[in-house]
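The values are calculated or read from the model by the stated rules, or taken from the named source; none is laboratory data. Computed from a predicted model, the values in this text were never measured in an experiment. Heads up, the Cβs are rebuilt from the backbone with ideal geometry, glycines too, and the neighbour counts pull from every protein chain shown.
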């Protein structure tokens, strides 16, 4: 039923261009899909394995610059450039995860932060490859994905594929093993779970999704500079998972949608954008510590419950008890 519900929601979203939405609204919807491709992979790292990664914006930037350099500068086919972006993100995730995943949680977070800062400086310094502070123009995809509606359909299809992959990982034995690694690494190791290998595998997978998201993000923006990949975006990805709720797929997806749409809702108060971000995060932490997803799941379970179970009072049969005691040999 969940699979059919997800399929129905995907088909409904695919019909969004037919609903008469304008180009800007399609741009925002495409941005949500691109962000979710990265956050879906990051959710396995943060929400399931319990690693605090705040530097995935660096992997996003790597995927974006690989796509821009190949498809734009060297005129490589856009599809091949997108595949190369995913492979580059996975390779950098492997090189980052091999040493840093052995560190405790706080130090691992600092390692990912340092990585994102290093990527930003390299993007600024390697002008021959990245265009430096001037940046690079990024081409789009060939028809039928050249239009805003076509790019939205492409982003939605890749987002649905990523959701399906992460959902399968989460509901199978891998998901239970990751939750065991998150909650008690010692107990997981005692249950013959390779803690380090599990962490490294999901981190590399998140690098692949971040690289693919970076290629799509660059094409969506049509022009990228080092300032495009500010540290705030990395925190945005992390906060989407915290607000949505760890240990699930639907919650972080809702967090991504809410936080991406929030600037559009408060557009007349653009100067207070960070204030509303902070207010929403504070409200979720204080009122809904487990996130939006578990709260909505509990409400849906209560609404779909057909009826309360009947309460029955069990009365002891005293006469039978007396007879049994009387017959007991002394």
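Among the residues here, residue 216 qualifies as part of a helix (DSSP H, G or I) and either under 18 Å from residue 56 (Cα atoms) or under 12 Å from the mean Cα position of the chain (by Cα) (or both). For residue 94, state whether it is out of contact with any strand residue (DSSP E or B) (no Cβ under 6 Å at 6 or more places or on another chain) and at pLDDT 90 or above. Against the criterion (out of contact with any strand residue (DSSP E or B) (no Cβ under 6 Å at 6 or more places or on another chain) and at pLDDT 90 or above), residue 94 qualifies.
Scanning the range 68-84 for residues that are closer than 15 Å to residue 37 by Cβ and either outside any helix (DSSP H, G or I) or in contact with a strand residue (DSSP E or B) (Cβ under 9 Å, 6 or more places away or on another chain) (or both) yields no hits at all.
The rows are residues; the columns are (1) surrounded by fewer than 14 Cβ atoms within 10 Å (Cβ to Cβ); (2) within 23 Å of the chain's Cα centre (by Cα); (3) more than 24 Å from residue 80 (Cα to Cα); (4) at pLDDT 90 or above.
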| site | (1), (2), (3), (4) |
| --- | --- |
| 110 | no, yes, yes, yes |
| 116 | no, yes, yes, yes |
| 124 | no, no, yes, no |
| 158 | no, yes, no, yes |
| 163 | no, yes, no, yes |
| 181 | no, yes, yes, no |
| 187 | yes, no, yes, no |
| 192 | yes, no, yes, no |
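Residues satisfying the criterion are present in the range 101-111 (criterion: closer than 18 Å to residue 234 by Cα and free of Cβ contacts under 8 Å to residues at least 40 places away in the same chain). Considering only the range 59-67, I want to know if a residue exists there that is under 15 Å from the mean Cα position of the chain (by Cα) and either assigned to a helix (DSSP H, G or I) or under 25 Å from residue 136 (Cβ atoms) (or both). Yes: one or more hits. Scanning the range 19-51 for residues that are closer than 19 Å to residue 90 by Cα and part of a loop (DSSP other than H, G, I, E, B) turns up 49, 51.
Look through the range 126-148, keep the residues that are assigned to a helix (DSSP H, G or I) and crowded, with 17+ Cβ neighbours inside 10 Å, and return whichever of them is farthest from the chain's Cα centre (by Cα). By that ranking, first place goes to 130. Of all the listed residues (154, 95), the sole one being touching a residue at least 40 places away in the same chain (Cβ under 8 Å) and in a helix (DSSP H, G or I) is 154.
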